Each structure stands twice: as structure tokens, then as C-alpha cells.
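Here is the structure we will look at.
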Amino acid sequence: MKTSLRIITGFTGALIAFESLALLIGMHGVIKTSPWLTLKNELFAISDVVLGAALIVLALNGAEARSGLLLGLLVSGLVSHGYRAWSYLAGIESRFIFNLPLFILNALRIIGLATSGILTLFTNS
């Protein structure tokens, strides 16, 4: 895996994992009665922690650039985060993204995932 791909994938993974972990801790430890705390939203946040951790591990280990696992993680992350952006813009009830700062952070995640995906597809291992 080339250095630029490793850096972008690792940084994106860290952004996804640690922001979602902070969101979970904040919602469970501080607010506790938030309407955001639905099963769907908690599963999104937990899956983000797992996705982010997996991206970090792959980046640190220098995984094969065109590995099916890496591409699968990137595609699933793009679909998941794309759905969240759509649900925010459509005003869906109990959406994951509940304010503009989270929408912007989600957009940064999408940019990172897409950049990693493009580099993965066009990088010679």
C-alpha cells in the first residue's frame, strides 16, 4: 500500500472511529435521554467504530492496495454515510445526523472514504 493511501485511509479510519466513539460516550454518559438514542443510530455508531478500527489496522499493516476487504469496507462506509447524508437532507425522523456540524463531519468522512477508494482502485500495489 502506498504511503498516501495509508495516510488517507488511516486518518479517515481514525476520524470515523473516534468521532463515533465520542458520540456514543456523550449520548450515553452525559445526555442519556436524547431522542437520538435509537437502536438504528446506536448500530450506526458501533459499526463506525468497527469500520474505523479496521481501516486503521489495514493502513498500519500496509494491506494489499486492491484487497477485497479494503474495497468492501470502503464501499460499505460510503453507502452507510451516503444514506445518513440523504436522511439528514430529507428530514427523516430519528436520523443519525441531527445538526449541521455532524453533516459537515459526515461529508468529510465521505470525502476520505471516496479518496481512499479512488486511490485503491488506481494504485499499483
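Things worth noting here:
- Residues in the stretch 58-103 that are of a type in the set (A, V, I, L, M, F, W, C), under 14 Å from the mean Cα position of the chain (by Cα) and surrounded by 13 or more Cβ atoms within 10 Å (Cβ to Cβ): 70, 71, 73, 74, 78, 85, 96, 97, 102, 103.
- Residue list for the stretch 74-101, restricted to those being of a type in the set (A, V, I, L, M) and without any contact (Cβ under 8 Å) to a residue 24 or more places away in the chain: 79, 89, 90, 92, 97, 100
- Scanning the stretch 72-125 for residues that are part of a loop (DSSP other than H, G, I, E, B), within 19 Å of residue 12 (Cβ to Cβ) and of a type in the set (Val, Ile, Thr) yields 97, 123.
- Residue in the stretch 1-16 that is part of a helix (DSSP H, G or I), in contact with a Leu (Cβ under 8 Å, 6 or more places away or on another chain) and surrounded by fewer than 14 Cβ atoms within 10 Å (Cβ to Cβ) present: yes
- Residue 43 part of a helix (DSSP H, G or I) and over 22 Å from residue 95 (Cα atoms): no
- Of all positions in the stretch 42-52, none carries a residue that is more than 11 Å from the chain's Cα centre (by Cα) and in contact (Cβ under 8 Å) with a residue 24 or more places away in the chain.
- In the stretch 102-125, the count of residues that are more than 30 Å from residue 67 (Cα to Cα) and small (Gly, Ala, Ser) is zero.
- The set of residues in the stretch 28-40 being in a helix (DSSP H, G or I) and either surrounded by 18 or more Cβ atoms within 10 Å (Cβ to Cβ) or free of Cβ contacts under 8 Å to residues at least 12 places away in the same chain (or both) consists of 28, 29, 30, 31, 39.
All of the numbers you see were taken from the coordinates with simple rules; none came from a lab. These numbers were taken from a predicted model, which means no experiment stands behind them. All Cβ positions, glycine included, derive from the backbone under ideal geometry; neighbour counts span all protein chains shown.
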